[in-house]
There are 2 protein chains.
Amino acid sequence: MGLSGETGVTFITISEVGPRDGLQSIDRVMPLEAKKAWIKAEAEAGVPEIEVGSFVPPSLLPQMADTAELVAFARTLPGLNVVALVPNAKGAARAVEAGVHGLSIPFSMSETHSIKNVRKTHAEMLVEIAEVATVAKAGGVHCAVGLSTAFGCTMEGAVHEDRVVRLAVAAVEAGAEELSLSDTTGYADPAKVRRLVRAVTAAVGPGLLTTLHLHNTRGLGLANALAGLDEGITTLDASLGGLGGCPFAPGASGNIVTEDLVFMLAAMGYETGINLDRLMAVRGIIANALPGEPLYGFTPDAGLPLDYRSGSDT
Amino acid sequence: MGLSGETGVTFITISEVGPRDGLQSIDRVMPLEAKKAWIKAEAEAGVPEIEVGSFVPPSLLPQMADTAELVAFARTLPGLNVVALVPNAKGAARAVEAGVHGLSIPFSMSETHSIKNVRKTHAEMLVEIAEVATVAKAGGVHCAVGLSTAFGCTMEGAVHEDRVVRLAVAAVEAGAEELSLSDTTGYADPAKVRRLVRAVTAAVGPGLLTTLHLHNTRGLGLANALAGLDEGITTLDASLGGLGGCPFAPGASGNIVTEDLVFMLAAMGYETGINLDRLMAVRGIIANALPGEPLYGFTPDAGLPLDYRSGSDT
């Protein structure tokens, strides 16, 4: 339909992060061939960007040991933007060597979380980001910074919005070409999303804060996505089947479900370039490769509305 | 906090519909004493309004056979607004006799659905609504009309927005003192919610369309609620534990989950008068009375954020 929300934007980029955020959250290792089949099938369903893995030491995350091979494979898929997560400059060098289009480094807004997670203060992380940006730039690779725990931290509690704004500006000064706000802990709500997107955008200028990385921890994922869309967010991370989250365990923290997100966007008249029937069929690949692993999402079970084709599909 | 969305409204009324919409969607009959315990516990948690049942023939819905006794019991609970659903003027007379504060009659925007469900055309329904409104007025009872299948119908597909607007005006002319839009089929999306709330409000005047009755069929329930709040909706129906819906069955159509909705509203700074810890404890009553019945909701499993008390609770 080409209609959209309040911002005039009609195309929203879905960035599939299941092969990275979903798989790193479960204990089992998905075989390389299954990962390739998953990535290929999503690309063929029209997903424009996939975070295929992270360049962390395999001793820490054996699930991500084959990321370089996945990058090489994903680069053969026409039109796909291939991105990976890196924790530091060493990882960035590996990502550039593997051939990513873009890389992303997480920068925790909670200093407690940052020290516990990567043993770096905020000042040390800004030095690291500058090095990552230098490595990326030298390799002709896009450098994004993910502002994690931006909406709150399970260790520190509230994260002050002024601090997020200040660190967002510092990340851009350190070389970030793009920013995302990550609700790592599921503490976001639509009002907070609106305030923080507005405040960060006002501070760093237009076009830099493009992305929200949302979890559905307390069921607010799509409401938070809607709030972001209203404020001009143009990229949304999501995970097929909400892989890696478990609503039946305390602290459940799965990503928002790609299928439900695509349904919402299509129903609202946004374009994503994604064929939802083909996207939903990709669930079978995960179910076969990881039998018994819970897959979430309401749209696959409910099916599409009778008027979906005529009204909203691309 | 007293902050809110864009509309300046700070108090949102939660209307618990689980004892009616939840219980009528499952096969088992909840014992009267368990229903009473549930209603009492929710009222004590601060829920201001409960739809305790419907006045339909017990041969059709044995789950609702004890609605008159529930109304009498609920009327003893201080401060609680006691409402019931009625299909026709006969049901309205029973509701008034039982002592409800308010009644609601569903009016299906899909004529196919109306004929199939209550064997009445739109014209015949408008006559029925006028009779219901007369009975209600004579009894000093508030009369609401729920515009069901307002966002689409599983039999007809799309329901044109012009038709909903026209029938909303006709319902008010027939005597409706309040309107709600019901997403009976889970076809709503935030853009459609915004358009339809605006269009109906513009046609019937302010203060009449107060309520959204949303299902979480395709996972968009809270996003749709947010869209309604932005357009001035002040009452939201919800069901504790999403009772009656089943995301693992085709056509799943549970109401939005009261617990997640209350969390979202509190986090955003809206007031609901509800203590969320006490509300979540009510799940135990349903679990005991209906063992094995799935209860949904993410917040009860994830728990409340560290900063919830200080930031948002009442």
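Using 1/(1 + (r/R0)^6) with R0 = 60 angstrom and r between the beta carbons of B:THR76 and A:THR76, what's the FRET efficiency to the nearest 0.05?
Between B:THR76 and A:THR76 the formula returns 0.25.
Any idea which of A:ALA202, A:LEU167, A:ALA223 is furthest toward the positive side of the dipole for the stretch A:165-224, if Lys and Arg beta-carbons carry +1 and Asp and Glu beta-carbons -1?
A:ALA223
With charges set only on the Cβ (+1 for Lys and Arg, -1 for Asp and Glu), what does the dipole of chain B come to about its Cα centre, in debye to the nearest 20?
480 debye
For chain B, report the convex hull volume of the alpha-carbon atoms normalised per residue, in Å³, without decimals.
Hull volume normalised by residue count: 119 Å³.
Can you tell me, using C-alpha contacts under 8 Å and at least 6 residues apart, the relative contact order of chain B as a whole percent?
Taking the mean separation of contacting Cα pairs over the length of chain B, I get 21 percent.
For the stretch B:89-169, what does the relative contact order come out to in percent, with C-alpha contacts under 8 Å and a separation of six or more?
Computed value for the stretch B:89-169: 39 percent relative contact order.
Suppose each label sits 7 Å from its Cα in the direction of the beta carbon; what would the A:ALA123-B:THR112 distance come out to in nanometres?
Distance between label points: 6.9 nm.
Please work out the Cα center distance from the stretch A:21-37 to the stretch B:165-190, rounded to the nearest Å.
Answer, in whole Å: 47.
Could you tell me which of the pairs A:LYS90/A:LYS116; A:LYS90/A:LYS192; B:LYS116/B:LYS137 are separated by over 23 angstrom between their Cα atoms in the structure shown?
Pairs exceeding 23 Å: A:LYS90/A:LYS192; B:LYS116/B:LYS137.
Work out Dmax and Rg for the stretch B:95-139 from the C-alpha atoms and quote the Rg first, both in angstrom.
11.8, 33
Can you say what percent of the DSSP beta bridges in chain A, counting only those with both residues inside, are antiparallel? Round to 5.
Close to 5 percent.
Near the amide H of A:SER180, under 5 Å away, which other amide H atoms are found, from residues 5 or more places off or on another chain, if H is placed in the peptide plane?
Amide H to amide H, under 5 Å and 5 or more residues apart or across chains, A:SER180 pairs with A:VAL145, A:GLY146, A:LEU147.
Which order do peptides B:219-226, A:225-232 fall in by mean Cβ count within 10 Å, highest first?
B:219-226, A:225-232
So what's the net charge close to B:GLU161: Lys and Arg +1, Asp and Glu -1, counting the other residues with Cβ under 9 Å from its Cβ?
+2
Per-residue Cβ counts within 10 Å, from other chains only, averaged over A:220-229: what number is that?
Averaged over the peptide's residues, the number is 6.
With θ taken as phi - 60° and the coefficients 6.51, -1.76 and 1.60, list the Karplus ³J(HN,Hα) couplings across the stretch B:93-107 in order, rounded to whole Hz; mark glycine and proline as x.
4, 5, 5, 5, 4, 6, x, 5, 7, x, 10, 9, 10, x, 10
If packing is taken as the average number of other Cβ atoms within 10 Å across a peptide's residues, how do B:162-168, B:94-100, A:17-23 rank, most packed first?
A:17-23, B:94-100, B:162-168
What share of the DSSP beta bridges in the protein assembly as shown is antiparallel, in percent to the nearest 5?
Counting only bridges with both partners in the protein assembly as shown, antiparallel ones make up about 5 percent.
Shielding of A:259-268 by partners, i.e. mean partner chain Cβ atoms within 10 Å per residue?
Mean partner-chain Cβ count within 10 Å for A:259-268: 4.
Please state, as a whole number in µm²/s, the translational diffusion coefficient that the Stokes-Einstein equation yields for the protein assembly as shown at 37 °C and 0.692 mPa s, with Rh defined as the Kirkwood radius across alpha carbon pairs.
Roughly 131 µm²/s, to the nearest whole number.
What are the chymotrypsin sites (Phe, Trp or Tyr not before Pro) within the stretch B:179-268 that DSSP puts in a loop, where the Cβ has at most 15 other Cβ atoms within 10 Å?
Counting only loop positions with at most 15 other Cβ atoms within 10 Å, the chymotrypsin sites (Phe, Trp or Tyr not before Pro) in the stretch B:179-268 are B:PHE248.
A short reminder: the numbers here are calculations on the coordinates, not readings from a lab. The structure displayed is predicted, hence computed values, not measured ones. Quick reminder, even Gly has a Cβ in these numbers, built from the backbone with ideal geometry, and neighbours come from all protein chains shown.
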